[in-house]
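Peer 1: My structure is below; once you've seen it, I'll send some questions.
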């Protein structure tokens with residue numbers, strides 16, 4: 001688990017940096033690909049965490065985040081019936097998604113360097 005958690009954190013940070021770089025270079029419609037790179041990886045990471053039950057106890061930050069993303073996915077699917085709602089949702093996510101990506105990376109950082117730290121390391 002610890003190896004996956006560290007790799008997850010490194011990959012998330014690298015993809016965020018890559019996505020920002022790609023957006024600065026492209027500056028067109030293709031700049032949106034960074035959203036899919038980062039979001040796709042973080043969605044895979046969430047599924048792995050949920051499957052193995054890692055840090056998914058009730059009322060945890062990760063549990064809250066998983067519920068939020070599930071609600072957003074359900075809203076996106078329901079908004080397929082009403083295109084105006086889809087447009088509004090996508091516009092909101094254009095600005096909220098980068099904040100969500102940073103928040104998720106913060107969750108991963110806390111799990112690796114705070115929750116998984118040896119007990120004696122926390123006595124400093």
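Peer 1: Please work out which one of (1) free of Cβ contacts under 8 Å to residues at least 60 places away in the same chain; (2) surrounded by fewer than 16 Cβ atoms within 10 Å (Cβ to Cβ); (3) touching a helix residue (DSSP H, G or I) at 6+ places or on another chain (Cβ under 7 Å) is the condition residue 6 fails and give its number.
Peer 2: Single failed check for residue 6: (1).
Peer 1: In segment 38-73, how many residues are buried (at least 18 other Cβ atoms within 10 Å of the Cβ) and under 17 Å from residue 17 (Cβ atoms)?
Peer 2: Total satisfying the criteria: 5.
Laboratory data are not the source of any read-out in this text; all were calculated from the coordinates shown. Remember, predicted model here, so these are calculated numbers, not experimental data. Counting neighbours? That spans all protein chains shown, and the Cβs are built from the backbone with ideal geometry, glycine included.
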